[in-house]
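Participant: I'd like to ask you about the structure that follows.
The values are calculated or read from the model by the stated rules, or taken from the named source; none is laboratory data. Computed from a predicted structure; not experimentally measured. Neighbour counts run over all protein chains shown; Cβ positions are idealised from the backbone, glycine included.
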Amino acid sequence: MDIRAVLFDLDNTLFDHRASARDGVAAFVGNFGMELTPGLSNSWFEIEQASYDRFLSGELNFQEQRRERLRHFLPLIGQQDSVGAAALDEMFAVYLRSYENAWTAFSDAVPTLKSLRGCGMTIGVVTNGNHEQQAMKISRIGLEPLLDLFFSSEQMGHAKPEASAFILPCESLQLPPSQVLYVGDNYRVDIEGARSAGLQAIHLNREATDQPQTLRCLTDLVPALNLETTAP
């Protein structure tokens, strides 16, 4: 591979969104005197994805997609869903406080970025989502000093898997897409999207058996690329 830059997805690639979100949902249902079950957790993530997709498509704004999550989730815990926007925002704040307090990077994220920098590689994040929130995550989990660029779908006006969401960062780097590698956990959005835009791509699947062009751990990336550390 002739790679000059590596771009990463953020949520569930560098940032452990699911673990942080589970803490948030546990606090939310606990506020109603309930315990978080696997079924409720799975339902939360399904509802979250559906509402977030509507935000990415422009159908809902960022705040409204949060309210929409609760409208669908509240009946599952025996609560009325026909409450006003202000009440929904107060409820969501319970989730959000615990979610943000639990923000963490995967243990292999910082070592991998440091190794890539040691090899002289340009590094960036290209993520779907609200620009302010994604920037806060990057800062809070200690990734900001290790990145050369950061693009969000809100900032670009294009969401993965649209080709422009990948091509605009390449243009910023002044590199052809063929010399840029994208690493992400969502095969359709990250991998197929990046390859369709002309980038090279490697799928991160932390639960997968060994598969070609698939990583189980980010620290396997540098050996997979046969990179050598540059002289100090």
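Participant: In the list Asn31, Asn42, Asn12, which residue meets the criterion of being of a type outside the set (Ser, Thr, Tyr) and free of Cβ contacts under 8 Å to residues at least 12 places away in the same chain?
Facilitator: Numbers: Asn31 fails: free of Cβ contacts under 8 Å to residues at least 12 places away in the same chain; Asn12 fails: free of Cβ contacts under 8 Å to residues at least 12 places away in the same chain.
Result of the check over Asn31, Asn42, Asn12: Asn42.
Participant: Looking only at segment 51-87, filter to residues that are loosely packed, with under 14 Cβ neighbours inside 10 Å and of a type in the set (S, T, N, Q); which one of those is nearest to Ala27 (Cα to Cα)?
Facilitator: Per the stated criteria, the residue is Gln80.
Residue by residue, here is whether (1) under 18 Å from the mean Cα position of the chain (by Cα); (2) outside the structural domain of Gly39 (by TED's automatic domain parsing); (3) more than 30 Å from Pro161 (Cα to Cα); (4) hydrophobic (A, V, I, L, M, F, W, C) holds:
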residue	(1), (2), (3), (4)
Gln79	no, no, yes, no
Ser82	no, no, yes, no
Ala85	no, no, yes, yes
Leu88	no, no, yes, yes
Arg117	no, yes, no, no
His131	yes, yes, no, no
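Participant: For a quick check of your reading of the model, give me the residue pairs whose first member lies in segment 84-101 and is under 15 Å from Arg71 (Cα atoms), whose second is in a helix (DSSP H, G or I) and among the polar types (S, T, N, Q), with beta-carbon atoms closer than 8 Å and at least 6 apart or on different chains.
Facilitator: Close Cβ pairs satisfying both conditions: Asp89/Gln63.
Participant: Given Asp108, Asp81, which one is at pLDDT below 95 and touching a Leu at 6+ places or on another chain (Cβ under 7 Å)? Working first, answer last.
Facilitator: Working: Asp108 fails: at pLDDT below 95.
That would be Asp81, the only listed residue that is at pLDDT below 95 and touching a Leu at 6+ places or on another chain (Cβ under 7 Å).
Participant: Restricting to segment 51-60, count the residues that are assigned to a helix (DSSP H, G or I) and among the acidic types (Asp, Glu). Give the derivation first.
Facilitator: Initial filter on segment 51-60 (assigned to a helix (DSSP H, G or I)): 51-56.
In the following step, the residues that additionally are among the acidic types (Asp, Glu) were identified as 53.
Residues that pass the stated criteria total 1.
Participant: Further question: Give the number of residues within segment 8-50 that are of a type in the set (S, T, N, Q), assigned to a helix (DSSP H, G or I) and buried (at least 18 other Cβ atoms within 10 Å of the Cβ).
Facilitator: The first filter runs over segment 8-50 and keeps only residues of a type in the set (S, T, N, Q), leaving 12-13, 20, 31, 37, 41-43, 49.
This time we only want the ones that are assigned to a helix (DSSP H, G or I), so: 20, 41-43, 49.
Next cut, buried (at least 18 other Cβ atoms within 10 Å of the Cβ) only: 20.
Residues meeting the conditions: 1.
So that you can scan it fast, the table gives a plain yes or no per residue for (1) under 30 Å from Leu173 (Cα atoms); (2) not hydrophobic (A, V, I, L, M, F, W, C):
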{"site": "His17", "(1), (2)": "yes, yes"}
{"site": "Met34", "(1), (2)": "no, no"}
{"site": "Ser41", "(1), (2)": "no, yes"}
{"site": "Trp44", "(1), (2)": "no, no"}
{"site": "Pro75", "(1), (2)": "no, yes"}
{"site": "Val83", "(1), (2)": "no, no"}
{"site": "Glu90", "(1), (2)": "no, yes"}
{"site": "Val94", "(1), (2)": "no, no"}
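Participant: Quick check on segment 61-119: of everything there that is touching a strand residue (DSSP E or B) at 6+ places or on another chain (Cβ under 8 Å) and not in a helix (DSSP H, G or I), which residue is nearest to Ser51 (Cα to Cα)? Write out each step before concluding.
Facilitator: Narrowing segment 61-119 to residues touching a strand residue (DSSP E or B) at 6+ places or on another chain (Cβ under 8 Å): 103-106, 109, 113, 116-117.
Now drop any that are not not in a helix (DSSP H, G or I), which leaves 103-106.
Details: Trp103: 21, Thr104: 23, Ala105: 24, Phe106: 25 Å.
Ranking the candidates gives Trp103 first.
Participant: Is it fair to say Leu199 is closer than 21 Å to Ile3 by Cα and under 19 Å from the mean Cα position of the chain (by Cα)? Break it down into steps so the answer makes sense when it comes.
Facilitator: Working: closer than 21 Å to Ile3 by Cα: yes; under 19 Å from the mean Cα position of the chain (by Cα): yes.
Spelling it out, Leu199 is indeed closer than 21 Å to Ile3 by Cα and under 19 Å from the mean Cα position of the chain (by Cα).
Participant: Follow-up question, since we're still on this one. If I filter segment 145-170 down to residues being under 16 Å from the mean Cα position of the chain (by Cα) and of a type in the set (Ser, Thr, Tyr), which single residue comes out as farthest from Ser115 (Cα to Cα)?
Facilitator: Filtering segment 145-170 for residues that are under 16 Å from the mean Cα position of the chain (by Cα) and of a type in the set (Ser, Thr, Tyr), the one farthest from Ser115 (Cα to Cα) comes out as Ser153.
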